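*Asks:* Can you keep this structure in mind? I'll have questions shortly.
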Amino acid sequence: AQTIHQWPVAEIKAVGSPLSLGCTIKGKSSPNLYWYWQATGGTLQQLFYSITVGQVESVVQLNLSASRPKDDQFILSTEKLLLSHSGFYLCAWSPDLWGAEQYFGPGTRLTVL
Amino acid sequence: GEQVEQLPSILRVQEGSSASINCSYEDSASNYFPWYKQEPGENPKLIIDIRSNMERKQIQELIVLLDKKAKRFSLHITDTQPGDSAMYFCAVITGNTGKLIFGLGTTLQVQP
């Protein structure tokens, strides 16, 4: 069975500080991977997707970047946090070539002060 | 870009009754329509989906209907229970890169 992990579980960071969030999936080779952001009480917005190691496509510009250094790892980062970055960050994976059936990780709750 | 309208935003029903959530989309090329359930503080969980080659799909008490001509799809929960209380999101896949566009969500409250 596939398992998806995200770290850290939660972060409290200062405006202007750097950030790195991680996502790892086990039990599935070459999955499609996605990063989503969800404001408190809001809907989900896809940020990045990756279909293979070293390849990442940006969906929206939020002063964030993503990388896929390994087949099973997806990293979300920024050098300078904004207040608007607060929210729930979710990594998702799909076994489907076209991205159907996306399954979400447990998420990281980020508070920027 | 593609937008997904979801209604109602809040739905209150009595335990044992049915609940219906409706979504509409714009891109006629959309071909995959999942529904997610999200409980407070948790991640969204895929509960049922339908592809464009189907008009109806049922998993236990969950029924999804798709009307491609009208560009609408809906989730029906029969015999609702308190455990069904949660936020529900519809979504649409656009293009071939797995870009999921989500509706704004429906808060379902099942009252005993």
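The values are calculated or read from the model by the stated rules, or taken from the named source; none is laboratory data. Source: prediction; values computed, not measured. When we count neighbours, we look across all protein chains shown, and the Cβ atoms used for this are built from the backbone with ideal geometry, even at glycine.
*Asks:* Exactly one of these conditions fails for A:Gly42: (1) within 11 Å of another protein chain (Cβ to nearest Cβ); (2) over 15 Å from the mean Cα position of the chain (by Cα); (3) closer than 29 Å to B:Arg51 by Cα; (4) at pLDDT below 95. Give me its number.
*Replies:* All conditions are met except number (4).
*Asks:* Report, by residue number, each residue of the stretch B:73-112 that is assigned to a loop (DSSP other than H, G, I, E, B), more than 13 Å from the chain's Cα centre (by Cα) and either within 30 Å of B:Ala29 (Cβ to Cβ) or not charged (D, E, K, R) (or both). Please lay out each step first, then the result.
*Replies:* Taking the stretch B:73-112 and keeping what is assigned to a loop (DSSP other than H, G, I, E, B), we get B:78-81, B:85, B:95-98, B:103-105, B:112.
Cutting the leftovers down to more than 13 Å from the chain's Cα centre (by Cα) gives us B:78-81, B:85, B:95-98, B:112.
The answer is B:Thr78, B:Thr80, B:Gln81, B:Ser85, B:Gly95, B:Asn96, B:Thr97, B:Gly98, B:Pro112.
*Asks:* To continue, here is another question. Of all strands (runs of 3 or more DSSP E) completely enclosed by the stretch A:1-102, which ones contain at least 2 residues that are among the hydroxyl-bearing types (Ser, Thr, Tyr)?
*Replies:* Details: elements: A:3-7, A:10-13, A:19-26, A:32-38, A:44-52, A:55-58, A:65-70, A:73-78, A:87-94.
Result: A:19-26, A:32-38, A:44-52, A:65-70, A:73-78, A:87-94.
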